[in-house]
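Here's the structure, in structure tokens; my notes come after.
The values are calculated or read from the model by the stated rules, or taken from the named source; none is laboratory data. Note that the structure is a prediction, hence the values are computed from the model and not measured. Cβ coordinates were reconstructed from backbone atoms using ideal geometry, including for glycine residues, and neighbour counts include every protein chain displayed. Ligands, DNA and RNA are stripped out before the accessible areas are found, and what is left, the full protein with its side chains, is counted by its heavy atoms. Shrake-Rupley method; radii C 1.70, N 1.55, O 1.52, S 1.80 Å.
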Amino acid sequence: MQRDRLFADRTEAGIELGKRLVHEYKDRQAIVLGIPRGGVQVVFDVAKFLYGSLSVIITKKLPHPLHEELAVGAVAEDGAIYLSSLGNALNESTIKRIVRAQRDEIDSRIQRFRLDKPLPDMEGRIVIIIDDGIATGSTIVPAIKLCKSRGPAKVTVASPVSGEKFVSDITALADDVVILEHPEYFSSV
């Protein structure tokens, strides 16, 4: 029987991802960061397996000015930006305007998910960034850049599912990438 879904839900995905990460990262005082919204449930279950510090890192997709559903990149809470080829085709003032428009939502998510607390100190620590799925990689790239700028010992990206074509881009930035499933046709979570 063929499965319609790779995982029953985000809880199952988090448990399976936690089982995969436990051998390398359990009891290593890792900081486990989820990307809202979907990554929050997954990271909760992973952190239980690893006995790691749990927090949330905020990134927000940058919508195309003429088509809100079309992402041209993403921005992290510290201002780190990733632009796709579509984003690179836009002029700098348009990008700045789009980023500014996303700041309110970023600030709202910091309040909602971290109660306005800062990100944990990453200096010399293992940091694991988790999302529920990597469809384009746009939200994960600025999260990696943000974490790398804070002097961690290692940055690992982990997700239950990702399209294969984006893994090489992420691997170039992160120290390690752990993906459980690579479906042939994967374009959204």
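Loop only per DSSP, at most 15 neighbouring Cβ atoms within 10 Å: give me the GluC sites (Glu not before Pro) in the range 53-84, ordered by residue number.
Values: sites: GLU68, GLU69, GLU77; in loops: GLU77.
Answer by residue number: there is no such site.
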Self-check item: Under 13 Å, Cβ to Cβ, from TYR25 - net charge with Lys/Arg +1 and Asp/Glu -1
Solution: +3
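Hey, got a sec? Which chymotrypsin sites (Phe, Trp or Tyr not before Pro) in the range 85-189 land in a DSSP loop and have at most 15 other Cβ atoms within 10 Å?
On the way: sites: PHE113, PHE166, TYR185, PHE186; in loops: TYR185, PHE186.
Those that pass, being in a loop and sparsely packed, are TYR185.
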Self-check item: Nitroxide proxy distance, nm - points 7 Å out along Cα→Cβ at GLU164 and ASP176
Solution: 2.4
Quiz item: Which of SER53, PRO63, GLY18 sits farthest toward the positive end of the charge dipole of the chain, with +1 on the Cβ of Lys and Arg and -1 on the Cβ of Asp and Glu?
Solution: SER53
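Say the cut-off is 27 Å between C-alpha atoms; which of LYS117/LYS148; LYS48/LYS96; LYS60/LYS117; LYS60/LYS154; LYS19/LYS154; LYS26/LYS117 go over it? Provide the component values of the computation, followed by the final result.
Numbers: LYS117/LYS148 20 Å; LYS48/LYS96 39 Å; LYS60/LYS117 18 Å; LYS60/LYS154 23 Å; LYS19/LYS154 20 Å; LYS26/LYS117 25 Å.
Going by Cα-Cα distance, LYS48/LYS96 fall outside the 27 Å limit.
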Quiz item: Of the residues GLU16, GLU24, GLU123, which exhibits the maximal mean-square fluctuation in a Gaussian network model of the chain defined by a 10 Å Cα contact cut-off?
Solution: GLU24
Exercise. For the range 1-111, give the percent of accessible area contributed by carbon and sulfur heavy atoms, probe 1.4 Å, rounded to a whole number.
Key: 47
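Could you do me a favour and compute the accessible area per residue for the chain, 1.4 Å probe, result in Å²? List each step's numbers first, then the result.
On the way: 10020 Å² over 189 residues.
Heavy-atom accessible area per residue stands at 53 Å².
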Self-check item: Longest segment of the chain lacking trypsin sites (Lys or Arg not before Pro) that sit in a DSSP loop with at most 10 other Cβ atoms within 10 Å
Solution: 6-189
Quiz item: List the chymotrypsin sites (Phe, Trp or Tyr not before Pro) in the range 1-98 that DSSP assigns to loop (not H, G, I, E or B) and whose Cβ has at most 15 other Cβ atoms within 10 Å. Which are they?
Solution: TYR51
Quiz item: What is the spin-label model distance, in nm, from THR94 to LYS19 if the labels are put 7 Å beyond Cα along the C-beta direction?
Solution: 4.7
